[in-house]
1. In whole Hz, what ³J(HN,Hα) sequence does the range 180-185 give by Karplus (6.51, -1.76, 1.60; θ = phi - 60°), x for Gly and Pro?
2. Top mean-square fluctuation among 242, 157, 232, Gaussian network model of the chain, C-alpha springs under 10 Å?
3. For 230, 117, 208, give me the order by solvent-accessible area with a 1.4 Å probe, most accessible first, ignoring ligands, DNA and RNA.
4. With the dipole of the chain worked out from charges on the C-beta (+1 for Lys and Arg, -1 for Asp and Glu) around the Cα centre, which of 89, 51, 116 lies farthest toward the positive end?
5. Which one of 185, 164, 39 is farthest out on the positive end of the charge dipole of the chain, using unit charges on Cβ (Lys, Arg +1; Asp, Glu -1) and the Cα centre as origin?
6. Could you check which residue among 161, 148, 52 shows the biggest mean-square fluctuation in a GNM of the chain with a 10 Å Cα cutoff?
7. To the nearest 500 deg cm²/dmol, what mean residue ellipticity at 222 nm is calculated for the chain from DSSP H runs of n ≥ 4 alone, each contributing -39,500 (n - 2.57), summed and divided by the residues?
8. Count the net charge of all other residues whose Cβ sits under 14 Å from the Cβ of residue 27, scoring Lys and Arg as +1 and Asp and Glu as -1.
Amino acid sequence: MSKNKTQLSYVDKNTPIHRLSGATKLLMVLLISFAAMITFDTRLLIFIVLLSCVMFAIARVPWRSMKLIIVFIGVVMLINILITYFFAPEEGVRIYGTRTVYVHFFGRYYLTREQLFYQANQTLKYIAILPLALIFFVTTEPSEFAASLNSIGVNYKIAYSVTLALRYIPAVQREYQEISQAQQARGVDLSRNVKLTTRIKGVLTILFPLIITSIDKIERIANAMELRSFGKNKNRTWYKRKSFNPMDYVVIIFSALLIGAAIALFFVNEGRFYNPFI
């Protein structure tokens, strides 16, 4: 029977990334992601990509459990690249002011050095942000995540709702695997040996009981929260909130410096784009 072990959930490990406060990790992701979004300077983007990959390694994120998610995001990135080229094949030429043609496909579709460079920078943006987001999700305990959101000003009701959703993702994945294995034990083949339409029908037979059990759990959780008068007070305390230590301040300051670097490069490059062709 097939078994899918892919789960986007908290993994308890003793690493420098895990020991950071949840608020620190949240701010780090937001600040570095913002720095990557506002700049098209290839040098800074490559630095952020390398930094993200190093942090990914330090956090000892289980690669196998993230493989399916990363492949899915990679496919989305590829589609985005193709759509960008389809609608704006000369955008790089317009931005950088030069035009070096490598290949002419048909009509207005030329493969130019400038377009390749522009779309490579677009791809670097996604690659820079992806590891950071995964690191945050797998190194931050859900309750601490709620405390982190609340500590930066998010209403605790919203923070708790987000936390429940994060807790529910691995639970749904586990239930899907259990139902899938039960169906396969009854002779329902969901492997690649059968046609795609047959596999889709098999998945649909799993989704119906999954939806029913999910609705039942949601109702039980809502009743339990109501019985405990959740939301009665304007504020609440958090059992999982971590105090800041010196490393938290170092990480936040360093993340803020990256935004400063992105802004500084805006003036150096006289715009968002680093132009190596002039």
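1. 4, 5, 5, 5, 5, 5
2. Result: 232 has the largest fluctuation of those listed.
3. Numbers: 230 70, 117 45, 208 140 Å².
In descending accessible area the options line up as 208, 230, 117.
4. 51
5. 185
6. Among 161, 148, 52, the largest GNM mean-square fluctuation belongs to 161.
7. Numbers: 10 runs with 191 residues, N = 278.
One gets -23500 deg cm²/dmol as the mean residue ellipticity at 222 nm.
8. Working: positive: 25, 242; negative: 144, 248.
Summing Lys and Arg as +1 and Asp and Glu as -1 gives 0.
The values are calculated or read from the model by the stated rules, or taken from the named source; none is laboratory data. Since this is a predicted model, take the numbers as computed values, not measurements. Positions of Cβ are generated from backbone atoms using ideal geometry, with glycine treated the same way; all protein chains shown enter the neighbour counts. Surface areas here come from the heavy atoms of the whole protein model, side chains and all, with no ligands, DNA or RNA. Shrake-Rupley method; radii C 1.70, N 1.55, O 1.52, S 1.80 Å.
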